[in-house]
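I have placed the structure first, in the form of structure tokens, so that the comments after it can refer back to it.
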Amino acid sequence: MAYTITYYSEALQMEIMSLPDTLQARYIGLTARMIEHGANLGEPHTKAFGDGLFELRLKGAEGIARVFYCTLVGRQIVMLHCFIKKSQKTPLKEHRIAKKRMMEVKQ
């Protein structure tokens with residue numbers, strides 16, 4: 001049985017689809033695998049942040065992006081937040097946004 005992918009908001013979906021070409025292609029490829037195999041593809045593709053929060057790791061010619069997501073009952077993957085990565089560590093601000101949105105969708 002396949003998984004489904006939904007988005008926290010339409011604005012987030014548009015933001016993800018407006019990523020630079022190589023990052024967008026990577027996103028599409030990895031999410032196709034997630035639909036077939038599940039949310040946890042393992043490193044280097046996905047990374048668990050704990051408490052049910054994960055990040056999808058996108059790397060392309062234009063740079064690096066991250067998409068935070070969580071899973072819900074019924075094989076549903078919810079994309080929560082995305083950003084272009086500019087430093088080695090994930091900024092705390094980005095992590096907090098994703099965590100807050102995860103709490104909203106799980107209620």
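List of remarks:
- Spatially proximal aspartates and glutamates relative to Lys99 (Cα-Cα < 14 Å; intrachain offsets below 8 disregarded): Asp51, Glu55
- Filtered chymotrypsin sites (Phe, Trp or Tyr not before Pro), region 10-107: DSSP coil and at most 13 other beta carbons within 10 Å: none
- Membrane-span-like helices in the chain (whole DSSP H runs, Cα extent of at least 20 Å along the helix axis, mean Kyte-Doolittle hydropathy of at least -1.0): 21-37.
- Leading residue at positive end of dipole, the chain (Cβ point charges), from Leu92, Asn40, Leu80: Leu92
- Dipole of the chain [Lys/Arg +1, Asp/Glu -1 at C-beta], most positive-end residue of Ile5, Cys70, Thr22: Cys70
- Across the cross-link table entries Lys47/Lys89; Lys59/Lys86; Lys85/Lys106; Lys86/Lys106, which are compared at the Cα atoms, the separations over 18 Å belong to Lys85/Lys106; Lys86/Lys106.
- Per-residue extension of 0.36 nm, minus the Cα-Cα distance of Phe49 and Glu94, leaves a gain of 15.0 nm for this segment.
- At most 12 other Cβ within 10 Å, DSSP loop - trypsin sites (Lys or Arg not before Pro), region 60-107: Lys86, Lys89
- Expressed as a whole percent, the accessible surface of the chain that belongs to carbon and sulfur atoms is 54, based on a 1.4 Å probe.
- Summing Cβ point charges (Lys, Arg +1; Asp, Glu -1) relative to the Cα centre of the chain gives a dipole of roughly 380 debye.
- Dimensionless Rg/Rh of the chain - Kirkwood Rh, Rg from C-alpha atoms: 0.92
The values are calculated or read from the model by the stated rules, or taken from the named source; none is laboratory data. Being a predicted model, the structure only gives us computed values, none of them experimental. Glycine also receives a Cβ, built like all others from the backbone with ideal geometry; neighbour counts cover every protein chain displayed. Ligands, DNA and RNA are stripped out before the accessible areas are found, and what is left, the full protein with its side chains, is counted by its heavy atoms. Shrake-Rupley method; radii C 1.70, N 1.55, O 1.52, S 1.80 Å.
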